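J.: Okay, here's the structure, questions in a sec.
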Amino acid sequence: MLTIAIQNKGRLNEDTISLLADAGITASASHRKLISDAKGFPLHVLYLRDDDIPQAVAMGVADIGIVGLNEVLEKEQDVDILMKLGFGACRLSLAVPNAVDYPGLNWFEGKRVATSYPVILRNYFSENGIQAFVHEIAGSVEVAPAVGMADAIFDIVSSGGTLIQNGLREEDTVIHSEAVLIGNPHIDAEKKADIDKLMFRFRSILESKGMKYVLMNLPKEKVPEAVAILPGMKSPTLLPLADEAWVSLHVVLHEDTLWEKIEQLKNIGAEDILVLALENVIR
Ligand code: ATP
Ligand code: MG
């Protein structure tokens, strides 16, 4: 049976549990347990600190794991990145005190930079030919410049609010991160088949994000115009109505263009437009 390692508590825990739930898999949210069996899929769930997930997967203690790409890159363990999961978005950036007049990356030459991601930062500096002192600290990295422990920081940024509160300015984004599914590279064929099943479910959930199911009544003669408004679709679905001059038109639209398309369809005579949430798109 497949074992998945997920974060026991913290920022990724809730979204991970709800991704599994959307995929029909009930995993207990309880972080007091180390391991439990999921319902809805043959799966052991191992609850770990996010720092330990790449190693657990590389060692085969877990076959797969859900963790931030930032942790995967920092830990440099032998794992495959199987897919991005669309939550836990953040970036790892270099930030300097507001008073600094920043000319570019060369500013970091000879500077002390505090971070919880020393591997990623050292790699970045060495790729760019910068010699700087990388100071690893476990937490509260953003206060290091104010207390004189460092000249700058390299840390996780999402909204940027924490940086502003600490008088820092983001200058250089090194990586964009989000939660990813990782896998042990030496998995057997039976487990591989289960992983493929899981990934199929995850993909259909991700694809349905931002999609709406739209239905409306349309004068039959307007169908060619409606089809022209909805390019890229194989073909909208048409159902007959009791009134033969009208049809019911069903189509899946992305949020980005939803209102624009609806206005156009209204202009050619669409009525009684319903917009419904879409749970899964299975291709
Ligand atoms: P653990 O106790 O499991 O070690 P942690 O304190 O290291 O937890 P969290 O703060 O729970 O980690 O963050 C987990 C992951 O969430 C991060 O590694 C990152 O991928 C992602 N993330 C998204 N937004 C943020 C953010 N604003 N701050 C920190 N992490 C974020
Ligand atoms: Mg951690």
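The values are calculated or read from the model by the stated rules, or taken from the named source; none is laboratory data. Just so you know, these numbers come straight off a predicted model, no measurement behind them. Here Cβ is always computed from backbone atoms with ideal geometry, including for glycine, and neighbour counts include all displayed protein chains. Quick note on the areas: whole protein, heavy atoms, side chains included, nothing else; ligands and nucleic acids left out. Shrake-Rupley method; radii C 1.70, N 1.55, O 1.52, S 1.80 Å.
J.: Go through the range 151-209 and give me each residue that's among the hydroxyl-bearing types (Ser, Thr, Tyr), away from ligand 1 (no atom under 13 Å from the Cβ) and surrounded by 13 or more Cβ atoms within 10 Å (Cβ to Cβ).
T.: Just the residues of the range 151-209 that are among the hydroxyl-bearing types (Ser, Thr, Tyr), to begin with: 158-159, 162, 173, 177, 204, 208.
Filter once more, so that each one left must be away from ligand 1 (no atom under 13 Å from the Cβ): 173, 204, 208.
Within the range 151-209, SER204, SER208 qualify.
J.: Something else about it: Restricting the search to the range 52-78, which residues are open to solvent by 50 Å² or more (accessible area, probe 1.4 Å) and more than 13 Å from ligand 1 (Cβ to nearest atom)? I'd like the intermediate steps shown before the answer.
T.: Taking the range 52-78 first, the residues open to solvent by 50 Å² or more (accessible area, probe 1.4 Å) are 52, 55, 59, 61, 73, 75-78.
Hits for the range 52-78 are MET59, VAL61, GLU76, GLN77, ASP78.
J.: If you don't mind, there's one more thing I want to ask. For ALA114, are the conditions met, namely being more than 16 Å from ligand 1 (Cβ to nearest atom), among the small types (Gly, Ala, Ser) and over 25 Å from the mean Cα position of the chain (by Cα)? Quick ask: steps written out before the conclusion?
T.: Numbers: more than 16 Å from ligand 1 (Cβ to nearest atom): no; among the small types (Gly, Ala, Ser): yes; over 25 Å from the mean Cα position of the chain (by Cα): yes.
The answer is no for ALA114.
J.: Applying the selection to the range 182-196, what residues are in a helix (DSSP H, G or I) and either among the hydrophobic types (A, V, I, L, M, F, W, C) or touching a residue at least 24 places away in the same chain (Cβ under 8 Å) (or both)? Break it down stepwise before answering.
T.: Step one: list which residues in the range 182-196 are in a helix (DSSP H, G or I), which gives 189-196.
Answer for the range 182-196, where residues must be in a helix (DSSP H, G or I) and either among the hydrophobic types (A, V, I, L, M, F, W, C) or touching a residue at least 24 places away in the same chain (Cβ under 8 Å) (or both): ALA189, LYS191, ALA193, ASP194, ILE195.
J.: How many residues are free of Cβ contacts under 8 Å to residues at least 60 places away in the same chain, more than 13 Å from ligand 2 (Cβ to nearest atom) and not β-branched (Val, Ile, Thr) if we restrict to the range 2-30?
T.: Matching residues across the range 2-30 total 8.
J.: If you scan the range 31-61, which residues turn out to be within 16 Å of ligand 2 (Cβ to nearest atom) and either at pLDDT below 95 or among the aliphatic types (A, V, I, L, M) (or both)? First the steps, then the outcome.
T.: Going residue by residue through the range 31-61, those that are within 16 Å of ligand 2 (Cβ to nearest atom) are 31, 46-57.
Residues satisfying the conditions are HIS31, LEU46, LEU48, ILE53, ALA56, VAL57.
J.: If I go through the range 1-51 residue by residue, how many of them are part of a loop (DSSP other than H, G, I, E, B), near ligand 1 (Cβ under 10 Å from one of its atoms) and surrounded by fewer than 16 Cβ atoms within 10 Å (Cβ to Cβ)? Reasoning before the result, please.
T.: We begin by selecting, within the range 1-51, every residue part of a loop (DSSP other than H, G, I, E, B); these are 1, 8-12, 23-25, 27-34, 38, 40-42, 49.
Next, only the ones that are near ligand 1 (Cβ under 10 Å from one of its atoms) stay: 8-12, 31, 49.
After this cut, where a residue has to be surrounded by fewer than 16 Cβ atoms within 10 Å (Cβ to Cβ) as well, the list is 9-10, 31, 49.
Result for the range 1-51: 4.
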